[in-house]
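Report on the structure given below.
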Ligand code: HEM
């Protein structure tokens, strides 16, 4: 069932959304008039024509005509589940968020997804997976909208439409669906070489997970946690599956996509139904919140970079268990609206330019996807905390607000929602310094190294994993028509690793170019106790 109805205004409107549409014993029209026949239209005589006055006929057809809403512009195909997040209390040292209190249990809804395929595409496409979690905390909703790969293709949100246009099916024939095997994708990632790190993860087995239950999740961006004393730290969020990380072979993925394109959503639902409730531990890497926002030469605001766990260990803060399947796909999995703006006291954003752009995009897209500004009233999106806002009216408004003065302050409403005093535990707007005051469109120099971490990833792979990566590049690039695109991508591979480049070049029947960059410093190696140990949470 949908979460218990909580009035979006914090006041009881008496409307139970689960009963509103399906309560009575008889078939009725939408306005409750009983009907005995829903199989025959009203005609002038048995042989027609059909009469315009048949309201039941017109309502039934017309409502059906409007049953579809736009699919998400990205991450259209997904599967969701309800569960609970139990906090260990370890993060309460660095964040005042209620969700991190010791033994606090918070209901969650998670939606896993592919990125590029349409709603009806196959689950086991080679693609990044979305891993979005809605925490219905007692102090408002917190959304952690992450992926199963810890880095992203681009460093600035202004390029998001470009990377997605390049990755989506070609505009002329809509081929292919959710696979990287086409010219525009390789054209983009070889021209925008900051994408090379994410791309090598996509060519690895991580992009064909065995199950949603065996995927890691990453918040990717660096976030800021705030405590009650005005202290702040920077963190990166990680979900670690209790079942471990597992993938399929490319051949298995091909077979599964053909025989059961729903393989991942089926696996998730079946496991939950059978009582094999999947679990993930949430952990954080913690960094000092200083002006540079750098850690061991890694720019923490660059979403194309990881911080190796050897340098900043992932410290566990709680356990999530998914234990309930949705009862209505549309009302829950489709209408859920995640948004990186959904933050609560103690959790805040940083200046990562990719994250900053996301803060605009989600709200904006949901205005059209969910038909206006009132989607927070949909049952799956309702906070499990009292709401008392001054937002009124609009398309699809279902709350019945009371009072005459929806503004603040006012002296007219008996139930004036704003007492004179500050509310207890308000959201903290952290007074972070702004570094530069000159308007410019460039990126910091620390964003310039596009290859060291791709190389780090490659070097960390076992031999069999390396073989799979080389095969994936060869297969996917082999689908390109344009030779110049293949050659430019080979140049990037040469800059990542000469051996990788040589194997793929041979597979494509092309010469292997020489690297054009010096390999950057791969892995800084200060003692763990000096770096990772500086923010022990236990
Ligand atoms: C949807 C993750 C970057 C725009 C999603 C979803 C996930 C996600 C998991 C699906 C949510 C769901 O299941 O409903 C990420 C991650 C990013 C990233 C991890 C980078 C670290 C961006 C950027 C933009 C963007 C830069 C735009 C500037 C969107 C839009 C949707 C979406 C428009 C559809 C939302 C909806 O219709 O409800 N993203 N995304 N994303 N993302 Fe992102």
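The values are calculated or read from the model by the stated rules, or taken from the named source; none is laboratory data. The model shown is predicted, which means the values in this text are computed figures rather than measured ones. Virtual Cβ from ideal backbone geometry, glycine too; neighbours counted across all protein chains shown.
Brief remarks on what is shown
- Screening the candidates 317, 286 for the property of being in contact with a helix residue (DSSP H, G or I) (Cβ under 7 Å, 6 or more places away or on another chain) and either in a strand (DSSP E or B) or free of Cβ contacts under 8 Å to residues at least 24 places away in the same chain (or both) yields one hit, 317.
- Summed over the stretch 343-358, residues that are within 13 Å of the chain's Cα centre (by Cα) and either modelled with pLDDT under 95 or farther than 18 Å from residue 234 by Cα (or both) total 1.
- Residue match in the stretch 331-340 (condition: over 18 Å from residue 144 (Cβ atoms) and more than 16 Å from the ligand (Cβ to nearest atom)): no
- Residue 303 under 19 Å from the mean Cα position of the chain (by Cα), under 27 Å from residue 95 (Cα atoms), within 16 Å of the ligand (Cβ to nearest atom) and assigned to a loop (DSSP other than H, G, I, E, B): yes
- Residue match in the stretch 156-168 (condition: farther than 13 Å from residue 217 by Cβ, part of a loop (DSSP other than H, G, I, E, B) and at pLDDT below 95): yes
- Any chance residue 167 is more than 11 Å from the ligand (Cβ to nearest atom) and over 25 Å from residue 71 (Cβ atoms): no
- Selection count, the stretch 361-383, where residues are near the ligand (Cβ under 9 Å from one of its atoms), in contact (Cβ under 8 Å) with a residue 60 or more places away in the chain and touching a helix residue (DSSP H, G or I) at 6+ places or on another chain (Cβ under 9 Å): 3
- Whichever residue in the stretch 124-142 is away from the ligand (no atom under 14 Å from the Cβ) and more than 14 Å from the chain's Cα centre (by Cα) and, among such residues, is farthest from residue 332 (Cα to Cα): 126
- All of (1) crowded, with 22+ Cβ neighbours inside 10 Å; (2) out of contact with any helix residue (DSSP H, G or I) (no Cβ under 6 Å at 6 or more places or on another chain) hold for residue 68 with one exception: (1).
- Members of the stretch 98-116 that are out of contact with any helix residue (DSSP H, G or I) (no Cβ under 7 Å at 6 or more places or on another chain), within 16 Å of the ligand (Cβ to nearest atom) and either assigned to a loop (DSSP other than H, G, I, E, B) or within 21 Å of residue 289 (Cα to Cα) (or both): 115
- Any hit, the stretch 435-456, residues being in contact with a strand residue (DSSP E or B) (Cβ under 8 Å, 6 or more places away or on another chain), touching a residue at least 60 places away in the same chain (Cβ under 8 Å), surrounded by fewer than 20 Cβ atoms within 10 Å (Cβ to Cβ) and not in a loop (DSSP other than H, G, I, E, B): yes
- Residue check for residue 207: modelled with pLDDT of 95 or more, out of contact with any helix residue (DSSP H, G or I) (no Cβ under 6 Å at 6 or more places or on another chain), within 14 Å of the ligand (Cβ to nearest atom) and closer than 22 Å to residue 243 by Cα: no
- Check on residue 95, more than 9 Å from the ligand (Cβ to nearest atom), outside any strand (DSSP E or B) and touching a strand residue (DSSP E or B) at 6+ places or on another chain (Cβ under 6 Å): yes
- Selection within the stretch 60-92 - assigned to a loop (DSSP other than H, G, I, E, B) and under 30 Å from residue 161 (Cα atoms): 66, 67, 68, 69, 70, 71, 72, 73, 74, 75, 76, 77
- Test: residue in the stretch 249-269 that is under 30 Å from residue 452 (Cβ atoms) and under 21 Å from the mean Cα position of the chain (by Cα): no
- Unmet criterion (only one of (1) within 16 Å of the ligand (Cβ to nearest atom); (2) more than 20 Å from the chain's Cα centre (by Cα)) for residue 315: (1)
- Qualifying position, being at pLDDT 95 or above, within 34 Å of the chain's Cα centre (by Cα) and surrounded by fewer than 16 Cβ atoms within 10 Å (Cβ to Cβ), among 96, 62, 92: 62
- In this structure, residue 264 does not satisfy being within 16 Å of the ligand (Cβ to nearest atom), modelled with pLDDT of 95 or more and assigned to a loop (DSSP other than H, G, I, E, B).
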